[in-house]
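The values are calculated or read from the model by the stated rules, or taken from the named source; none is laboratory data. Source: prediction; values computed, not measured. Positions of Cβ are backbone-derived with ideal geometry, glycine not excepted, and every protein chain shown enters the neighbour counts.
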Amino acid sequence: MVSANADTHLPFRKALITGGNGNLGRLIASELLDRGVEVIKFDIPGTEPETTVANESIITGDIRDKAALEAVFESHQPDAVIHLASLLSGSSAADPSAAWEINATASFELLTLANTFKVKQFFFASTMATYGTDVPDPMPEDTPQWPSNLYGATKVAVERAGVFFKLTHDLDFRCLRFPLVFSPFAPPSAVTAFPSHAFKAACQGGNADPFVFPVEPHVGVSSMLLDDVVQGTITFLFTDKDRLSQPAYSLHGYAVTAQEVLNEIQRRVPSFEGTFEVNDTVNTLLKGWPSVIVDDKARSDWGWSPKYDFVASADWLMSYFQANP
Ligand SMILES: NC(=O)c1ccc[n+]([C@@H]2O[C@H](COP(=O)([O-])OP(=O)(O)OC[C@H]3O[C@@H](n4cnc5c(N)ncnc54)[C@H](O)[C@@H]3O)[C@@H](O)[C@H]2O)c1
């Protein structure tokens, strides 16, 4: 059955989403299903949703298992790949060799399979961590990518491998680099996600101790709201390839400091208390990242335009946490 919103001019009909049960994967899958695209989610066992919906297949496995992936291509014949499966920065630092296998080697094998099975499009989720921490601010997107951590290094490797397949096999490889994402789903272990955690703490209330910001008050990096990540990605996936003048685009939402996050929360929840206790690792990392990323190309080539500024993101997060305490 095809959704009532089905678009007769779809760029692809069946998308394999790796990491499809993750935060971004679930949301992107739902948007694609709404538009009439069939979805195959591939993710590790234990991540499956409790219920499945029409036109969605859930397959469990490890992305390092090439035979399992090949079987998915053979049995489901996807005509697009949306590659989101990844260890994130904290897990990559904790297990560098797994990070290289999952993020880099398995991605190369997936590109190879996608090319062999002649998919129409291959999307890859990259990150501003590909740029490292000694960059200009505002940062042009053609700034040399010399990441300062392994997570960023694996993501650069895949960007380059994707361009290899684009140049040599005409694979429609396209990639977006996201900045820090304000998300209600940021796990507590994600220390750079303290702005999202602060909004959550303010809505939960009742904290005896003030919320700890692990950076100096003036520190802040380029950020955007999760909803803009999802909508931006969908717009990008649906953009005709002739309009893309480059394979990878960096996105920027807004610049906001830790002090501004605290002020905005206190404007809404006057009883909320925050304190700044510098964690050297987090502070040094975030101080080195730009507060503004120049994303003019995404804006001019395919109409990227974030819907949420910082205040609108704060509204969204407060509403979410009040409805889902
Ligand atoms: N959220 C952010 O702040 C952000 C910023 C920049 C880039 N990204 C990128 O966007 C993508 C999605 O991020 P997310 O926020 O949804 O993270 P997430 O952790 O929720 O999703 C990643 C998914 O990959 C799956 N996965 C991990 N190892 C796997 C393996 N060996 N085999 C199969 N699946 C495996 C996980 O189970 C998870 O469901 C990632 O590639 C991430 O690097 C996210």
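Here are a few things to note about the model shown:
- Matching option when the condition is under 22 Å from D34 (Cβ atoms), over 22 Å from the mean Cα position of the chain (by Cα) and not hydrophobic (A, V, I, L, M, F, W, C), among E56, E74, E70, E50: E50
- Within the set P188, P214, P179, P210, the sole residue that is more than 30 Å from V81 (Cβ to Cβ), at pLDDT 95 or above and not β-branched (V, I, T) turns out to be P214.
- Taken over segment 150-163, the criterion of being more than 14 Å from the ligand (Cβ to nearest atom) and either in the same structural domain as W289 (by TED's automatic domain parsing) or within 21 Å of T239 (Cα to Cα) (or both) is satisfied by V163 alone.
Yes or no, residue by residue, for (1) in a helix (DSSP H, G or I); (2) within 8 Å of the ligand (Cβ to nearest atom); (3) exposed (fewer than 15 other Cβ atoms within 10 Å of the Cβ); (4) modelled with pLDDT under 95:
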position: A29; (1), (2), (3), (4): yes, no, no, no
position: G36; (1), (2), (3), (4): no, no, no, no
position: A54; (1), (2), (3), (4): no, no, yes, no
position: I63; (1), (2), (3), (4): no, yes, no, no
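- Among the residues here, V212 qualifies as in a strand (DSSP E or B), more than 12 Å from the ligand (Cβ to nearest atom) and either on the phi < 0 side of the Ramachandran plot or not basic (K, R) (or both).
- A residue that is touching a residue at least 60 places away in the same chain (Cβ under 8 Å) and either among the aromatic types (F, W, Y) or away from the ligand (no atom under 14 Å from the Cβ) (or both) occurs somewhere in segment 65-76.
- Of all residues in segment 82-107, those that are under 25 Å from A186 (Cα atoms) and either surrounded by fewer than 20 Cβ atoms within 10 Å (Cβ to Cβ) or over 15 Å from the mean Cα position of the chain (by Cα) (or both) total 17.
- For segment 75-94, the set of residues classified as more than 20 Å from C175 (Cα to Cα) and at pLDDT 95 or above consists of S75, H76, Q77, listed by residue number.
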